[in-house]
1. Treat every Asp and Glu Cβ in the chain as -1 and every Lys and Arg Cβ as +1, leave all other atoms uncharged, and give the resulting dipole magnitude about the Cα centre to the nearest 20 debye.
2. Report the FRET efficiency, 1/(1 + (r/R0)^6), for Arg65 and Thr93, where r is their Cβ-Cβ distance and R0 is 25 Å, rounded to 0.05.
3. Put a dot 7 Å past each Cα toward the Cβ at Glu20 and Asp49; how far apart are the dots in nm?
4. Net charge around Leu14, counting only other residues with Cβ within less than 15 Å of its Cβ (Lys, Arg = +1; Asp, Glu = -1)?
5. For the chain, what is the calculated [θ] at 222 nm in deg cm²/dmol (nearest 500), taking -39500 (n - 2.57) for each run of four or more DSSP H residues and dividing by its residue count?
6. If you roll a 1.4 Å probe over the chain with all protein chains in place, what percent of the accessible area is carbon or sulfur?
7. Taking 37 °C and 0.692 mPa s as the conditions, I'd like the Stokes-Einstein D for the chain in µm²/s, using the Kirkwood hydrodynamic radius from alpha carbon pairs.
8. Counting only heavy atoms of protein chains, what accessible area per residue, in Å², does the range 24-99 have with a probe of 1.4 Å?
Amino acid sequence: MTTGVDYYDIAADLTPRELEVWRSVRAFVDEEVIGVAGGFWERAEMPLDLLRRYGALNLVGDGLRGPGVPELSHTAAGLVTMELSRGDGSFATMLGVQA
């Protein structure tokens, strides 16, 4: 498992799709969120470019059904929220509001 520390070995209970979602959102947070989140907070700015990436990464699908909307299991949606919160709680909140 390449998602870092997994104290409770939850990866063992995930489907391949859930692992894929977890890895992709973790990489997004590590590469694009953590380094800039504090600056957006300090400037009281909305990171619109990063929020647009949610759609490109197929993160916006929790509870939504329809053509072109990627289906996320409840577990995958929880992993997305967990990882976004790890980067900055505001990013997870913005996903919750938009999705």
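The values are calculated or read from the model by the stated rules, or taken from the named source; none is laboratory data. Keep in mind it's a predicted model, so treat the numbers as computed, not measured. Every residue, glycine among them, receives a Cβ derived from its backbone with ideal geometry; neighbour counts consider all protein chains shown. SASA here: full protein model, heavy atoms, side chains in, ligands and nucleic acids out. Shrake-Rupley method; radii C 1.70, N 1.55, O 1.52, S 1.80 Å.
1. With only Lys, Arg, Asp and Glu charged at Cβ, the dipole is about 260 debye.
2. Working: r = 23 Å, r/R0 = 0.92.
Between Arg65 and Thr93 the formula returns 0.60.
3. Calculated label separation equals 2.8 nm.
4. Numbers: positive: Arg17, Arg23, Arg26; negative: Asp6, Asp9, Asp13, Glu18, Glu20, Glu83.
With Lys, Arg at +1 and Asp, Glu at -1, the net is -3.
5. Details: 5 runs with 53 residues, N = 99.
After summing the helix terms and dividing by the residues of the chain, the value is -16000 deg cm²/dmol.
6. Details: 3360 of 6060 Å².
Using a 1.4 Å probe with all protein chains present, the chain comes out at 55 percent carbon and sulfur.
7. On the way: Rh = 14.0 Å.
Here the translational diffusion coefficient equals 235 µm²/s.
8. Details: 4340 Å² over 76 residues.
The answer is 57 Å² per residue.
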